[in-house]
Amino acid sequence: MAEVKVKKETNLSDPVEVENRIKELCHQFPQGITDQVIQNDMPHLEPQQRAMAINKLLSLGQLDLLRNSAGLLYRLKDSQSTSKMKGSDNQEKLVYQIIEDAGNKGIWSRDIRFKSNLPLTEINKILKNLESKKLIKAVKSVAASKKKVYMLYNLQPDRSVTGGAWYSDQDFESEFVEVLNQQCFKFLQSKAEAARDNKQSPMVQRNSSFATSHEVWKYICELGISKVDLSMDDIETILNTLIYDGKVEMTVIAAKEGTVGSVDGQMKLYRGVNTIIQPTGLVKTPCGLCPVFDDCHEGGEISPSNCIYMSEWLDF
């Protein structure tokens, strides 16, 4: 006969048992629990008893108090963050927790104010204090150069914050991108020329003219033209711009698992192409390449009279 497990009833008259049950609930829900979760688990627990147990756990530094759209949220405190925040008051711990939750994308002081419900002057004071302790750092975001986001001191900022390899001190490195464009296209052109020189069948020549993004990445790394470490994604971004310019075409093939450059059993291949005939004058106009051409009409949200691309083309 199978053993039947019976849930042990919490002795509501014992504050220690209530506190232990709340911690068990926090273990079951690592993202945090609300008062409603506690109430559903212990429906006969008086609100005053619940508040006393929670306040006891907060004062002992065993719980974190957070705020979300649903209200207050209680989460089991991480032992490492507890040691870091030793000696800090509850407001400082709350701000630190909000910044920690933001991860490597960081968070603006305005959002910290909204989540913590603290005055801006108090938040600025706490932020300066945490920065002086080297617990957090301020990072300028390329999305808004005059604003700073805050994240934990030991985190590497996300690409969406720094702009990745294409930005230096919040400035877009257009010359660097252009050099990479030229070198990637040069590599693909040389591979296509080598394929044509083999004097094999047209299909074999075409297939041998393709290169993987890993091959292009390796070539760029060996050139040593980049002061920053470029990833495969960076190179594929450059190759995509060449595709948009009509200089490169891409195809996707099946690949064995573990093959260098493959993702989910697929691999992208690129080859340089030369246009057989020059495009007509109409195609060279912004209208000939515009992806929202069908939505463009006078008086609409997209119209010829307010088209910045048309204005730039006419000025040229």
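Total residues in the stretch 12-34 satisfying the condition of being free of Cβ contacts under 8 Å to residues at least 12 places away in the same chain, among the polar types (S, T, N, Q) and open to solvent by 80 Å² or more (accessible area, probe 1.4 Å): the figure is 2. Restricting the stretch 60-76 to residues that are modelled with pLDDT under 75 and farther than 14 Å from K93 by Cα leaves a set whose member that is surrounded by the fewest Cβ atoms within 10 Å (Cβ to Cβ) is S69. Do the conditions hold for Q97, that is, is it within 30 Å of G164 (Cβ to Cβ), at pLDDT below 80 and part of a helix (DSSP H, G or I)? In short, no.
Against the definition (modelled with pLDDT of 80 or more, hydrophobic (A, V, I, L, M, F, W, C), over 22 Å from N181 (Cβ atoms) and touching a Ser or Thr at 6+ places or on another chain (Cβ under 7 Å)), how does C296 come out, yes or no? Considered against the rule, which asks whether it is modelled with pLDDT of 80 or more, hydrophobic (A, V, I, L, M, F, W, C), over 22 Å from N181 (Cβ atoms) and touching a Ser or Thr at 6+ places or on another chain (Cβ under 7 Å), C296 comes out as yes. Cβ-Cβ contacts under 6 Å between residues 6 or more apart (or on different chains), taken from a first residue in the stretch 293-316 that is part of a loop (DSSP other than H, G, I, E, B) to a second residue that is open to solvent by 70 Å² or more (accessible area, probe 1.4 Å), are listed as I302/D295. In the stretch 217-236, the residues that are open to solvent by less than 60 Å² (accessible area, probe 1.4 Å) reach residues that are of a type in the set (S, T, Y) with C-beta atoms within less than 6 angstrom, at least six apart or across chains, in these pairs: M232/S213; I235/S213; E236/S213.
Filtering S141, S160, S168 for residues that are of a type in the set (G, A, S) and open to solvent by less than 40 Å² (accessible area, probe 1.4 Å) leaves a single hit, S141. In the stretch 89-110, what residues are open to solvent by 10 Å² or more (accessible area, probe 1.4 Å) and out of contact with any strand residue (DSSP E or B) (no Cβ under 8 Å at 6 or more places or on another chain)? Of everything in the stretch 89-110, those that are open to solvent by 10 Å² or more (accessible area, probe 1.4 Å) and out of contact with any strand residue (DSSP E or B) (no Cβ under 8 Å at 6 or more places or on another chain) turn out to be D89, Q91, E92, R110. Just one of the numbered conditions (1) out of contact with any helix residue (DSSP H, G or I) (no Cβ under 9 Å at 6 or more places or on another chain); (2) open to solvent by 60 Å² or more (accessible area, probe 1.4 Å); (3) under 20 Å from V177 (Cα atoms) is not true of D245: (1).
The values are calculated or read from the model by the stated rules, or taken from the named source; none is laboratory data. On a predicted model such as this, the values are computed, not experimentally measured, just so you know. All Cβ positions, glycine included, derive from the backbone under ideal geometry; neighbour counts span all protein chains shown. Calculation scope for accessible area: heavy atoms of the full protein, side chains included, ligands and nucleic acids excluded. Shrake-Rupley method; radii C 1.70, N 1.55, O 1.52, S 1.80 Å.
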